[in-house]
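The values are calculated or read from the model by the stated rules, or taken from the named source; none is laboratory data. Predicted model only: the values in this text are computed from it and were never measured. Note: ideal-geometry Cβ built from the backbone for every residue, glycine included; neighbour counts use all protein chains shown. Only protein heavy atoms, including side chains, enter the accessible area calculation; ligands, DNA and RNA are left aside. Shrake-Rupley method; radii C 1.70, N 1.55, O 1.52, S 1.80 Å.
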Amino acid sequence: MKKNLILLLLLVPFLNVNAQRISIKKGWKLMIGDNPEWSAPGFNDSGWQTADLNRPWEQQGHQNYDGFGWYRTHVVIPSSLKEKAFLKDSLLLNLASVDDNDEVFLNGTLIGKYGGHRGNIKEGHYGPRSYKIASNNPALLWDKDNVIAVRIYDTGGDGGIYGEKFEIHMADIMEGVEYNTSADFSYGDKNMLGKTIKLETKNVYKYAGTLSLKVTDPETGAVILSKTTDNANFTKGSPFSWWFTFNTSQKKSYNIIYTFHDKKTGTEISETETTPYILTPAVGLAPRINGASTFGVRPGHEVLFLIPATGLTPLTYKVAGLPAGLKVDKSKGIITGVVNKAGNYPLTFTVTNRKGTATKKFVLAIGDKIGLTPALGWNSWNAWGLSVNDEKVRTAAREMSERLASHGWSYINIDDGWEADSRDANGKIVTNNKFPDMKGLTDYVHSLGLRMGIYSSPGPRTCGGYLGSYQHDDDDAITYGDWGIDYLKYDWCSYGEIAPNHPDLDDMKKPYLVMRKSLDKASRDILFSYCQYGMGDVWKWGAEAGGNSWRTTGDITDTWSSMSGIGFNQDKAAPYAGPGHFNDPDMLVVGKVGWGPTIHNTRLTFDEQYTHISLWSLLASPLLIGCDMGHVDRFTLNLLTNDEVIAISQDALGKEARQYVKKDDYQIWVKQLSNGRKAIGLFNTSDKYQTISLPKSDAALKGFTKYRDAWRQQNLTAVSGKVAPHGVLLVTVSK
Ligand code: GAL
């Protein structure tokens, strides 16, 4: 008894009772391994290490550890939570993010689990969890000490439970009420913005109250618009829609807060979002040739290169200096054919339309190196997860061809989810029924001048639980070649079960070297992208092991903490990037993302999205769009079609930016460009507007006299500007 009292007292500092929510972020213990007894409330975990819920277990002494681990904590759940709630039926346990799969026990009783994509705890992906516990569940001890035990299985990369919000609260009347803000903003004349938002619920309760919105200028705090509607009534199947417009006087992002107040219960639910602003100038009518200025192909392998050009259509393409074996389609601008002799072939592209002519010097590098500039493309994962299918890939290809290819975008990559469950009688990999004709799909992608990518794992199974390439490396490489695949993402996943428990560098390299050899036997160039989340400092040996790019991190998600945490942590790997081999801090999270059949607008603010694209361009990362290509809104298109920004990514020098200034509230990154130029990103990492400058006298600017704002495509008089919260000023400088 006395012991319990002491225990309760000890627990008090860990309780943070705030407006009906109890934070359970502190007080956790961690143990690597697996033992069913660890769920028992009476188990003595005093010998376990203290867990930090801000970071994965890799950063708590368990580097490169994949597999099982347990977390435990104690919490007193006051019955006042229930008493004060309007609905008293159930309690919610929210875990910010679980990496990858989990089973959650309350006082020894399993109250919820996330078993991965296909129901097996060893397959699946991380994400937030919210578990409902009935108030009268005997496992729930009101006003007493409760033990929460979480069993984790980490499939690869980062593992554990970590993130921002870990809390307990009652599932109240506003639980299950959602703001649907997924409609795109519409852009009217004279800086008018408009949008429809909806209030939706699956509850049968009839909500009736007021909905108000307030738009504020984050720089000055000024209220731009304040509006309330009195008849915000909605219930299951009958949402409430509200259309509003307002005038934004300047090109910047504004904050919006929506608040619904339910009259009967007096409860409120709020939601915030920001407003978009377009920086990329409209494309001109005169022809302009965009994208990289070089492309590498191996001798004797097929060349497929679309000359990216904008301007009033029709455009006519000509290429001077084409070596024997190549031809250009004059109306499509697609160069095809084969060159057997190695060499750097200088070409001149000419593109003509009714408004004029543009020319550009280009080097076709026939030799051993491919992937000379970071790949620009689309990958299905961040949009569709395992729900990707033939139709979605065709849509992506068609949209890329119509809207993005003219700016240099060229890869259409299918991630996990295309593979069948078993091989055919000859051991050949086959597709599942979502991909009835892979060769036909690839032919379609190629017909647009685009290239096709695919995904596999060196293990028996992919991370999504589909068939991997284990012991079939040669078979698969040959099949990819036959299908016409141009890019392979190779994901460690279940290879963890094949490799020794604590793999050394040779163990880590092995599956990639094996596939490298197999790819070399394929009939075409296949860009090789390593995905093993940065294990063994892959950037130090990825190039030598034959990779064209390698992931330096675990999976990204569409939050500021994920994107900025990854992006601003790349300096260590930067020196190792170069033409043909780039660091890959994971794919883009702009536009409509979802990792599954249900898509939502990225949770990054509009300024954070400018930061994301700027930073990834500076980092010379592959730029792989991860959004629903069938619904690319105007803002996202503006992000992906700024030729001066893309030119930073595609610079022929292939250097990655270095962190030049790191302060608590801002950072400056500098990338060397060809012809003695530089690109400089001034990033505001704080929540407030601030002016960030790099003085002319600074060593990095010595001798540089011309400054240009890349997003706005305007000259500047100084490398300095007011930068929005989490926003960026991206500048190129020349002599
Ligand atoms: C993860 C990988 C993701 C995605 C996924 C597919 O391991 O990091 O980018 O490819 O597997 O299951």
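Some observations on this one:
- Single match in Pro314, Pro323 (criterion: of a type outside the set (A, V, I, L, M, F, W, C) and over 26 Å from Glu402 (Cα atoms)): Pro323
- Boolean, Trp38 is modelled with pLDDT of 95 or more, of a type in the set (Phe, Trp, Tyr), closer than 30 Å to Asp504 by Cβ and out of contact with any Gly (no Cβ under 7 Å at 6 or more places or on another chain): yes
- Candidate set: the stretch 86-128, residues that are modelled with pLDDT of 80 or more and β-branched (Val, Ile, Thr); chosen: the one farthest from the chain's Cα centre (by Cα): Thr109
- Residues of the stretch 291-324 satisfying the condition of being at positive phi and surrounded by fewer than 18 Cβ atoms within 10 Å (Cβ to Cβ): Gly300, Gly321
- Matching strands (runs of 3 or more DSSP E) fully within the stretch 173-290 where at least 2 residues are open to solvent by 50 Å² or more (accessible area, probe 1.4 Å): 192-201, 223-234, 240-247, 255-262, 268-274
- Considering residues of the stretch 132-162 that are free of Cβ contacts under 8 Å to residues at least 40 places away in the same chain and open to solvent by 30 Å² or more (accessible area, probe 1.4 Å) only, the residue farthest from Gly108 (Cα to Cα): Asn136
- Residues within the stretch 66-90 that are over 15 Å from Val147 (Cα atoms) and assigned to a strand (DSSP E or B), tallied: 4
- Selection of strands (runs of 3 or more DSSP E) fully inside the stretch 652-705 by the criterion of at least 1 residues being surrounded by fewer than 18 Cβ atoms within 10 Å (Cβ to Cβ) returns 658-662, 666-672, 690-694.
- Boolean, Lys327 is in a strand (DSSP E or B), under 18 Å from Arg451 (Cα atoms) and charged (D, E, K, R): yes
- The stretch 542-561 residues that are closer than 18 Å to Gly156 by Cα and aromatic (Phe, Trp, Tyr), paired with ones that are at pLDDT 95 or above and not in a loop (DSSP other than H, G, I, E, B) (beta carbon under 7 Å, 6 or more apart): Trp550/Tyr530; Trp550/Val538; Trp550/Trp539; Trp550/Asn583; Trp550/Asp584
- Flag for Lys327 being out of contact with any strand residue (DSSP E or B) (no Cβ under 8 Å at 6 or more places or on another chain) and surrounded by fewer than 19 Cβ atoms within 10 Å (Cβ to Cβ): no
- Residue match in the stretch 546-553 (condition: within 12 Å of the ligand (Cβ to nearest atom), within 23 Å of His62 (Cβ to Cβ) and in contact with a Pro (Cβ under 7 Å, 6 or more places away or on another chain)): yes
- Hey, Asp416 in contact with a Ser or Thr (Cβ under 9 Å, 6 or more places away or on another chain), within 16 Å of the ligand (Cβ to nearest atom) and outside any helix (DSSP H, G or I) or not: yes
- Total residues in the stretch 667-682, condition out of contact with any Leu (no Cβ under 7 Å at 6 or more places or on another chain) and of a type outside the set (Val, Ile, Thr): 5
- Inside the stretch 535-545, residues that are surrounded by fewer than 24 Cβ atoms within 10 Å (Cβ to Cβ) and either within 14 Å of the ligand (Cβ to nearest atom) or not assigned by TED's automatic domain parsing to the domain that holds Tyr512 (or both) make up a count of 1.
Table: residues versus (1) under 27 Å from the mean Cα position of the chain (by Cα); (2) within 30 Å of Gly33 (Cα to Cα); (3) open to solvent by 50 Å² or more (accessible area, probe 1.4 Å).
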position	(1), (2), (3)
Asp437	no, no, yes
Gly440	no, no, no
Ser447	no, no, yes
Ser456	yes, yes, no
Gly464	yes, yes, no
Asp476	no, no, no
Asp491	yes, yes, no
Gly496	yes, yes, no
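- Note on the stretch 150-166: among residues that are more than 16 Å from the ligand (Cβ to nearest atom) and of a type in the set (D, E, K, R), the one that is modelled with the highest pLDDT is Arg151.
- Complete set of residues in the stretch 493-523 that are out of contact with any helix residue (DSSP H, G or I) (no Cβ under 6 Å at 6 or more places or on another chain), within 24 Å of Lys369 (Cα to Cα) and within 16 Å of the ligand (Cβ to nearest atom): Tyr512
- Residue in the stretch 482-489 that is within 16 Å of the ligand (Cβ to nearest atom), surrounded by fewer than 24 Cβ atoms within 10 Å (Cβ to Cβ) and either basic (Lys, Arg) or over 24 Å from Thr442 (Cα atoms) (or both) present: no
- Test: residue in the stretch 369-381 that is within 16 Å of the ligand (Cβ to nearest atom), part of a helix (DSSP H, G or I) and farther than 20 Å from Lys439 by Cβ: yes
- Residue match in the stretch 632-648 (condition: polar (S, T, N, Q), touching a residue at least 12 places away in the same chain (Cβ under 8 Å) and not in a loop (DSSP other than H, G, I, E, B)): yes
- Lone unmet requirement of (1) closer than 20 Å to Ser380 by Cβ; (2) away from the ligand (no atom under 16 Å from the Cβ); (3) assigned to a helix (DSSP H, G or I) for Met563: (2)
- Counting only residues that are within 16 Å of the ligand (Cβ to nearest atom), acidic (Asp, Glu) and outside any strand (DSSP E or B), the stretch 568-590 holds 1 of them.
- When Ala425, Ala358, Ala396 are checked against the criterion of being touching a helix residue (DSSP H, G or I) at 6+ places or on another chain (Cβ under 6 Å) and not aromatic (Phe, Trp, Tyr), Ala396 stands alone in meeting it.
- Any hit, the stretch 453-471, residues being away from the ligand (no atom under 16 Å from the Cβ) and either closer than 24 Å to Asp368 by Cβ or in contact with a strand residue (DSSP E or B) (Cβ under 9 Å, 6 or more places away or on another chain) (or both): no
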